[in-house]
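To start, the structure itself, in structure tokens.
The values are calculated or read from the model by the stated rules, or taken from the named source; none is laboratory data. In this text the structure is predicted, and so the values were computed from the model without any measurement. Using ideal geometry, Cβ is built from the backbone for each residue, glycine included, and neighbour counts are taken over all protein chains shown.
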């Protein structure tokens, strides 16, 4: 359908899970995409599969030099990004809050929150020069209606959800739109950590019981939201928490 024809995008955490779904959908919709990830093998394989409209860049989003190199690689290969999807994220295992050690806490906030600070400082000046852009931050229903056992992860996603709104307000005059996409628990590599128990049908059923539409979020669900919010069809949509959650937070 080419909803993103002619647009250039950066997708962090793009080698797997929700990020891979977004990358595939963006290329299918006509965008050129820089795939950023720590997994070189998966990221390079995905870029190779998708061809000339995708490029892989090894990147630790918690490090400003890596973010600067990522943005420069995008500019050099495809031009200034029209869309940046801050999708890379991590979590601690579902457990009592007092059992999460400081190093794990710091890593969760570095990857989930500070990475957006780094990316904002790197791309907003370029978007301002071009007089427009889209920033999509993958938050979570965890930042809207938290589950027990994930307190520090929930807090990081609450920060992502709120900072997306604040960025939207401050960057609106620059014609830069910012939204948070908020998936419910999904079928990704982090699933067992979120559940804190083995991924069995019985354990899945406990989580599914809280989702009225009766299934977990899929990469294709998040990708569909990211395509719409990144497209010109959403030109007046900014500052929203966009649940992709089967009515979990309704």
Checklist entry - How do the pairs read when you match residues in the stretch 150-168 that are at positive phi and modelled with pLDDT of 95 or more with residues anywhere that are part of a helix (DSSP H, G or I) and crowded, with 18+ Cβ neighbours inside 10 Å, using Cβ under 9 Å and keeping only pairs 6 or more apart or on different chains? => result none
Checklist entry - Residues of the stretch 72-89 being more than 18 Å from residue 229 (Cα to Cα) and more than 11 Å from the chain's Cα centre (by Cα), which ones? => result 72, 73, 74, 75, 76, 77, 78, 79, 80
Checklist entry - Any idea which of (1) surrounded by fewer than 22 Cβ atoms within 10 Å (Cβ to Cβ); (2) in contact with a helix residue (DSSP H, G or I) (Cβ under 7 Å, 6 or more places away or on another chain) is the one residue 147 doesn't satisfy? => result (2)
Checklist entry - In the stretch 25-135, which helices (runs of 4 or more DSSP H) lie fully inside it and hold 1 or more residues that are out of contact with any helix residue (DSSP H, G or I) (no Cβ under 8 Å at 6 or more places or on another chain), in contact (Cβ under 8 Å) with a residue 40 or more places away in the chain and surrounded by fewer than 17 Cβ atoms within 10 Å (Cβ to Cβ)? => result 64-77, 102-109, 115-130
Checklist entry - Is it the case that some residue within the stretch 229-240 is at pLDDT 95 or above, buried (at least 22 other Cβ atoms within 10 Å of the Cβ), touching a strand residue (DSSP E or B) at 6+ places or on another chain (Cβ under 9 Å) and part of a strand (DSSP E or B)? => result no
Item to check | Residue check, residue 13 in contact (Cβ under 8 Å) with a residue 24 or more places away in the chain, crowded, with 24+ Cβ neighbours inside 10 Å and closer than 15 Å to residue 116 by Cβ | outcome: yes
Item to check | Complete set of residues in the stretch 169-191 that are without any contact (Cβ under 8 Å) to a residue 40 or more places away in the chain and assigned to a helix (DSSP H, G or I) | outcome: 170, 173, 191
Checklist outcome for this item: The correct count of residues that are surrounded by 15 or more Cβ atoms within 10 Å (Cβ to Cβ), part of a helix (DSSP H, G or I), at pLDDT 95 or above and out of contact with any strand residue (DSSP E or B) (no Cβ under 6 Å at 6 or more places or on another chain) in the stretch 200-225 is 3
